[in-house]
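Engineer: I have a structure I would like to understand better, so I am pasting it below and will then ask my questions one at a time.
Please treat every number below as a calculation from the coordinates, not as lab data. Everything quoted here is computed from the prediction, not taken from an experiment. All Cβ positions, even for glycine, are placed from backbone atoms using ideal geometry, and neighbour counts span all protein chains on display.
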Amino acid sequence: MTEGIRVPFGDLRAQNASLGDDLNAAIARVINSCAYIAGPEVAAFEGEFARYQDSSHCIGVANGTDALEIALQALSLPADSEVIVPANTFIATAEAVTRSGLTVVFADVDDTYTLDLESVRRLITNRTSAIVPVHLYGQAADMDAILGLAAENGLRVIEDCAQAHGAEYRGQRVGSFGDIATFSFYPGKNLGALGDAGAIVTSDDLLAEKCRLIANHGRLTKYDHVIEGRNSRLDTLQAAILQVKLRALPAWTDRRREVARTYRSGLADLPGLVLPTIRAEGLHVFHLFVVRVAERDAFREALLTLGVQTGVHYPEPLPLLPPYRSQHAHGAQGMNAVSWSSQLVSLPIHESLTDPQVTHVVEAIQQTITR
Ligand SMILES: *Cc1c(COP(=O)(O)O)cnc(C)c1O
């Protein structure tokens, strides 16, 4: 094994460097335009991103959490109705439901780490109004089954695509299956801004218009406020930056997928290490490469001494976190999301990893497991 190699969990410095002077040029363009709110830079990014995600409309907003809230509000779901979200996701998915005056219901995940259909089916009541599949770690949820259940029960579907830019299901991009979908461009996401940013995509003209109104003070023109909305716009500087990064995204995704292939072959059949289950009908964009090991903390410690940084996504399933546990801990008993949370380890995966770094990760894990 090669000594002295360091493998950082993420490397935004390397990503910036790979873009040469393009980020600075985009920023200078916005500064010189003196148009700092909305404008052509935002419209250009929205058009490019809608096309990239196989959807008719993209509405840029301030961040991925706002995108979820605005999408939920645009759907006008009955007050207090129940919205089913996975128990293993980032808290924003559940926060947006509660902040929209709706009741969050946690469903389990299966070995793809996306919604477990049997769990969702059992949780549907006459108060359920929507399902929020999260394409977690970059892999599409089982959209055929989810759309089927939604149609049978008259439910709306909001896809949380915060980790799945460019991911596909049956050859079609995520975000184009449900009623509406949301994205985050938090800096560490597969497509990340240099700050907070997010977007909503949909092919429903009316929903798109409603989201646009909500995100910009309910107005059509400067003082023509048709409803009360809020201020959650995509920042113009971030829109210019995101145009540059979107052009690089296909190559970055290819590199993530290549690293994942090397991990899958190099780490196959190691005792006690559970590799991610890949859906055959999907295209996984590997926002994260998550494995399971029983002695998780010792495993991470051993890798760190070999120079390999890892992460945990997420250390607690949502139903056991303080804001939810009094209501939801009981229902979470026996969930995969609960029994797996102490075993999850995210290996470094990003576009800037070099071949020697990837080899080093594989060898470091082989050595740690067979030691
Ligand atoms: C990052 C993330 C969000 C929230 O996005 P922000 O831009 O940070 O507000 C929502 N859902 C999931 C699954 C995420 O990973």
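Engineer: Which numbered condition trips up Phe299, out of (1) assigned to a helix (DSSP H, G or I); (2) surrounded by 15 or more Cβ atoms within 10 Å (Cβ to Cβ); (3) out of contact with any Ser or Thr (no Cβ under 7 Å at 6 or more places or on another chain)?
Structural biologist: With (1) assigned to a helix (DSSP H, G or I); (2) surrounded by 15 or more Cβ atoms within 10 Å (Cβ to Cβ); (3) out of contact with any Ser or Thr (no Cβ under 7 Å at 6 or more places or on another chain) applied to Phe299, the lone miss is (3).
Engineer: As an exercise: evaluate Gly307 against (1) more than 21 Å from the chain's Cα centre (by Cα); (2) touching a residue at least 40 places away in the same chain (Cβ under 8 Å); (3) at negative phi and give the number of the one condition it does not meet.
Structural biologist: (3)
Engineer: Here is a further query. Which condition from (1) farther than 19 Å from Val120 by Cβ; (2) in contact (Cβ under 8 Å) with a residue 12 or more places away in the chain is the one that Trp340 breaks?
Structural biologist: For Trp340, the exception is condition (1).
Engineer: If you scan region 238-254, which residues turn out to be surrounded by fewer than 20 Cβ atoms within 10 Å (Cβ to Cβ) and in contact (Cβ under 8 Å) with a residue 12 or more places away in the chain? Walk me through how you get there before you give the answer.
Structural biologist: Start the filter on region 238-254 by keeping residues that are surrounded by fewer than 20 Cβ atoms within 10 Å (Cβ to Cβ), which leaves 243-244, 246-251, 254.
Selection gives Gln243, Val244, Leu246, Ala248, Leu249, Pro250, Ala251.
Engineer: In addition: Filtering region 53-83 down to residues that are of a type in the set (Ser, Thr, Tyr), outside any helix (DSSP H, G or I) and within 25 Å of Leu283 (Cα to Cα), which residue is nearest to the ligand (Cβ to nearest atom)?
Structural biologist: So the residue we want is Ser55.
Engineer: Here are some residues: Thr202, Thr221. Which one is away from the ligand (no atom under 16 Å from the Cβ), out of contact with any His (no Cβ under 6 Å at 6 or more places or on another chain) and of a type in the set (Ser, Thr, Tyr)? Don't jump to the end; show me each part of the working.
Structural biologist: Values: Thr202 fails: out of contact with any His (no Cβ under 6 Å at 6 or more places or on another chain).
Just one listed residue meets the conditions, Thr221.
Engineer: Shifting gears a bit: Test Arg261 against the stated conditions and say whether it is part of a helix (DSSP H, G or I) and within 28 Å of Cys161 (Cα to Cα). Show your work before the answer.
Structural biologist: Details: part of a helix (DSSP H, G or I): yes; within 28 Å of Cys161 (Cα to Cα): yes.
So Arg261 passes the test.
Engineer: In addition: Does at least one position in region 30-43 carry a residue that is buried (at least 23 other Cβ atoms within 10 Å of the Cβ) and under 17 Å from the mean Cα position of the chain (by Cα)?
Structural biologist: no
Engineer: Restricting attention to region 93-103, and to residues there that are surrounded by fewer than 24 Cβ atoms within 10 Å (Cβ to Cβ) and out of contact with any strand residue (DSSP E or B) (no Cβ under 6 Å at 6 or more places or on another chain), which single residue is nearest to Asp160 (Cα to Cα)?
Structural biologist: Glu95
Engineer: To continue, here is another question. Being farther than 18 Å from Leu68 by Cβ, touching a residue at least 12 places away in the same chain (Cβ under 8 Å) and in a loop (DSSP other than H, G, I, E, B): is that true of Thr89 here?
Structural biologist: Criteria not met by Thr89.
Conditions tested, residue by residue: (1) within 16 Å of the ligand (Cβ to nearest atom); (2) more than 21 Å from Ala239 (Cα to Cα); (3) crowded, with 24+ Cβ neighbours inside 10 Å.
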position	(1), (2), (3)
His165	yes, no, yes
Glu168	no, yes, no
Gly171	no, yes, no
Gly175	yes, no, yes
Thr182	yes, no, yes
Leu194	yes, no, no
Ala197	yes, no, yes
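Engineer: Name the residue, out of His284, His313, that is in contact (Cβ under 8 Å) with a residue 40 or more places away in the chain and farther than 23 Å from Thr368 by Cα.
Structural biologist: His284
Engineer: Which pairs have Cβ atoms under 7 Å, sit 6 or more apart or on different chains, and link a residue in region 179-205 that is closer than 30 Å to Gly154 by Cβ to one that is among the basic types (Lys, Arg) and more than 9 Å from the ligand (Cβ to nearest atom)?
Structural biologist: Partner pairs satisfying both residue conditions: Asp179/Arg156.
Engineer: Further question: If we scan region 272-293, do we find a residue that is over 24 Å from Val109 (Cα atoms) and out of contact with any Gly (no Cβ under 9 Å at 6 or more places or on another chain)?
Structural biologist: Step one: filter region 272-293 for residues over 24 Å from Val109 (Cα atoms), giving none.
No: zero hits.
Engineer: Moving on. Considering only region 314-330, state which residues are outside any helix (DSSP H, G or I) and out of contact with any helix residue (DSSP H, G or I) (no Cβ under 7 Å at 6 or more places or on another chain). Working first, answer last.
Structural biologist: Quick first cut of region 314-330, residues outside any helix (DSSP H, G or I) only: 314-317, 321, 329-330.
Selection gives Tyr314, Pro315, Glu316, Leu321, His330.
Engineer: In region 97-117, which residues are more than 27 Å from Glu281 (Cβ to Cβ) and under 17 Å from the mean Cα position of the chain (by Cα)?
Structural biologist: The one that is more than 27 Å from Glu281 (Cβ to Cβ) and under 17 Å from the mean Cα position of the chain (by Cα): Val97.
Engineer: Being crowded, with 17+ Cβ neighbours inside 10 Å, within 23 Å of Thr182 (Cβ to Cβ) and touching a helix residue (DSSP H, G or I) at 6+ places or on another chain (Cβ under 6 Å) narrows it down to one residue among Ile5, Ile59; which is it?
Structural biologist: Numbers: Ile5 fails: within 23 Å of Thr182 (Cβ to Cβ).
Answer to the check: Ile59.
Engineer: Related question: Considering only residues of region 104-133 that are among the small types (Gly, Ala, Ser) and away from the ligand (no atom under 15 Å from the Cβ), which is surrounded by the fewest Cβ atoms within 10 Å (Cβ to Cβ)? Walk me through how you get there before you give the answer.
Structural biologist: Filtering region 104-133 down to residues among the small types (Gly, Ala, Ser) leaves 107, 119, 129-130.
Retained after the next criterion (residues that are away from the ligand (no atom under 15 Å from the Cβ)): 119, 129-130.
Numbers: Ser119: 19, Ser129: 21, Ala130: 23.
Filtering region 104-133 for residues that are among the small types (Gly, Ala, Ser) and away from the ligand (no atom under 15 Å from the Cβ), the one surrounded by the fewest Cβ atoms within 10 Å (Cβ to Cβ) comes out as Ser119.
Engineer: Identify the single condition in (1) within 28 Å of Ala251 (Cα to Cα); (2) within 16 Å of the ligand (Cβ to nearest atom); (3) charged (D, E, K, R) that Arg99 does not satisfy, given that it satisfies every other one.
Structural biologist: Looking at each condition in turn, Arg99 falls short on (1).
Engineer: Of all residues in region 140-155 being within 16 Å of Gly175 (Cβ to Cβ) and of a type in the set (A, V, I, L, M, F, W, C), which is surrounded by the fewest Cβ atoms within 10 Å (Cβ to Cβ)? Give the steps one after another, and end with the answer.
Structural biologist: So in region 140-155, the residues within 16 Å of Gly175 (Cβ to Cβ) come out as 140-144, 146-147, 150.
Right, trim to of a type in the set (A, V, I, L, M, F, W, C) and you get 140-141, 143, 146-147, 150.
Numbers: Ala140: 28, Ala141: 34, Met143: 25, Ile146: 23, Leu147: 16, Ala150: 23.
Across region 140-155, the extreme among qualifying residues is Leu147.
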